[in-house]
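Below: the structure, in structure tokens.
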Amino acid sequence: MVELLSAVKGMDDLFESDLATWRHVEHIAQQTFLAYGFGEVRTPILEDTALFVRGVGETSDIVHKEMFAFDDMGSAVCLRPENTAGVVRALLQAGKVFADAYEKVFYTGAMFRREQPQAGRRRQFHQLGCEALGYAEPAMDVEVITLVHTLLGRLGLAGHVKLVINSLGDAADRPAYGKALVDYFSQHEAKLSDDSRRRLRDNPLRILDSKDPRDQVLARSAPRTLDFLGADARIHFDAVQAGLTRLAVPFVVDSQLVRGLEYYTRTVFEFVGEAGLGAQSTVAAGGRYDGLVETLGGRPTPAVGFAGGIERLIMMMKAVQVTAPSAHPQLMLIGVDDDGKAICERLAHGLRGQGLRVAVDVRGRGMKAQLKTADKSGTTFAMIIGGNEVSAGKAVLKRLSDGSLIPEVSLSIDAIAAAIR
Ligand code: ATP
Ligand code: MG
């Protein structure tokens with residue numbers, strides 16, 4: 001026997017039993033994005049490594065240690081670890097980011113990070129997200145945050161997530177804040193994790209985002225971003241809070257919240273789950289990134305967006321027992337003899353043509369075995385067609401969940417469709 005092969009570590013196969021929920025999440029997400037006026041964009045999974053080095057930043061964990069990067073005949077390429085940089089690259093390349101241009105786009109797709117795999121932390125995972133380019137107004141931060149709030153509500157997760165927001169200030173506010181952080185953490189350098197000692201030199205902001213408990217204790221008393229906001233960033237942040245309050249979107253301000261990617265300015269936010277996710281509790285996160293377009297070679301363009309993790313959304317839906325509509329058959333047609341089977345075949349063909357989910361046996365199994373299959377798969381109705389039914393042109397529809405009967409349903413595609421819809 002030849003040895004069986006397995007999927008690459010941290011990468012999952014998904015089957016119908018998982019994917020009914022996946023399709024539900026993706027469908028609700030698409031509807032929500034469209035409702036807010038975002039149009040879809042699809043970009044390649046493979047990008048130039050330089051895009052993320054420049055866009056996300058060399059000192060971020062993603063670029064520093066998580067990318068699947070390789071040489072492709074002399075050019076450095078990688079599997080995308082996130083999609084904001086790729087989307088901005090695509091919009092720039094297509095010439096869509098000119099003076100006063102504005103664009104609202106959304107995406108869903110696979111991202112790749114070489115992380116230590118665990119539940120909710122995969123090496124191939126899937127994000128849904130959106131980006132609004134060309135909007136400096138705090139109302140767009142509010143719109144993006146509200147979109148995520150609406151999406152989580154439509155997925156049945158309202159009340160199970162907490163919205164946390166903060167402002168990181170503008171690029172001009174960063175040096176003074178960075179210096180305050182370095183001063184503070186330098187006093188406690190011996191107590192920092194190895195990673196954070198490195199961050200102290202490269203990117204002190206990232207220490208606040210550390211998952212190491214030693215760093216987290218120190219971070220609690222660190223200088224607060226909010227004490228270093230310039231006047232414009234302060235007014236902007238106040239307006240975001242007022243907007244969320246007007247729309248009754250509950251939030252808390254956490255001045256310790258920072259994001260792992262270097263491109264964020266001003267507003268940052270996270271939706272954190274309260275149940276069932278353990279350490280992987282952030283289901284969606286985002287913020288404003290007014291400097292990124294310029295960093296990638298475009299003209300200065302303000303922007304705001306977010307990304308959510310589909311795996312984590314689904315884990316949370318399971319934890320709080322939200323069920324997605326299932327795709328079980330609506331009807332099983334069972335032919336008793338050759339005439340009955342021929343009618344079943346014709347009816348199934350017509351009903352499926354109308355998009356109804358209909359099961360019909362092609363293996364010639366007995367009626368009992370077929371009914372057992374129908375029961376096990378959660379089929380809603382069964383109809384048995386034998387000699388009597390063929391001659392009467394009518395049959396009984398049986399609802400399998402409670403055994404109730406709809407008698408005398410005529411053996412026509414339209415009559416059956418009307419009865420089972
Ligand atoms: P974390 O702090 O959990 O590592 P992150 O800050 O790296 O998250 P982002 O880059 O902001 O995450 O990505 C946005 C969302 O994508 C996260 O909130 C999470 O839901 C999801 N996500 C990120 N990395 C993974 C992963 N390896 N596996 C599954 N989902 C992920
Ligand atoms: Mg991460």
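The values are calculated or read from the model by the stated rules, or taken from the named source; none is laboratory data. All values derive from a computational prediction rather than experimental measurement. In this analysis, Cβ positions are derived from the backbone assuming ideal geometry, glycine residues included, and neighbour counts consider all displayed protein chains. Accessible surface is based on the protein model in full, side chains and every heavy atom, while ligands, DNA and RNA are left aside. Shrake-Rupley method; radii C 1.70, N 1.55, O 1.52, S 1.80 Å.
Could you tell me whether the stretch 70-88 includes any residue that is at pLDDT 95 or above, within 16 Å of ligand 2 (Cβ to nearest atom) and aromatic (Phe, Trp, Tyr)?
No, there is no match, as no residue in the stretch 70-88 is at pLDDT 95 or above, within 16 Å of ligand 2 (Cβ to nearest atom) and aromatic (Phe, Trp, Tyr).
Here is a list: ALA374, ALA324. Which entry is over 30 Å from GLY273 (Cα atoms), surrounded by 13 or more Cβ atoms within 10 Å (Cβ to Cβ), of a type in the set (Gly, Ala, Ser) and at pLDDT below 95?
Going through ALA374, ALA324 in turn, just one is over 30 Å from GLY273 (Cα atoms), surrounded by 13 or more Cβ atoms within 10 Å (Cβ to Cβ), of a type in the set (Gly, Ala, Ser) and at pLDDT below 95: ALA374.
Filter the strands (runs of 3 or more DSSP E) completely within the stretch 42-144 down to those with at least 1 residues that are away from ligand 1 (no atom under 16 Å from the Cβ) and among the polar types (S, T, N, Q). If you could, list the steps in order and put the result at the bottom.
Details: elements: 46-48, 69-72, 75-79, 103-112, 124-133.
In the stretch 42-144, 75-79 are the strands (runs of 3 or more DSSP E) which contain 1 or more residues that are away from ligand 1 (no atom under 16 Å from the Cβ) and among the polar types (S, T, N, Q).
When only residues in the stretch 184-213 that are in contact (Cβ under 8 Å) with a residue 12 or more places away in the chain and over 17 Å from ASP61 (Cβ atoms) count, which is surrounded by the most Cβ atoms within 10 Å (Cβ to Cβ)?
My answer is PHE185.
What do you reckon, is PHE269 open to solvent by less than 10 Å² (accessible area, probe 1.4 Å), within 16 Å of ligand 1 (Cβ to nearest atom) and in contact (Cβ under 8 Å) with a residue 24 or more places away in the chain?
Considered against the rule, which asks whether it is open to solvent by less than 10 Å² (accessible area, probe 1.4 Å), within 16 Å of ligand 1 (Cβ to nearest atom) and in contact (Cβ under 8 Å) with a residue 24 or more places away in the chain, PHE269 comes out as yes.
From GLU58, GLU26, grab the single residue that is more than 24 Å from ALA327 (Cβ to Cβ) and open to solvent by 20 Å² or more (accessible area, probe 1.4 Å).
Just a single option satisfies the conditions, and that option is GLU58.
Of the conditions (1) under 27 Å from THR225 (Cβ atoms); (2) modelled with pLDDT of 95 or more, GLU274 satisfies every one except a single condition; which number is it?
(2)
Would you check which residues across the stretch 279-298 are more than 18 Å from the chain's Cα centre (by Cα) and either within 16 Å of ligand 2 (Cβ to nearest atom) or polar (S, T, N, Q) (or both) and list them?
THR295
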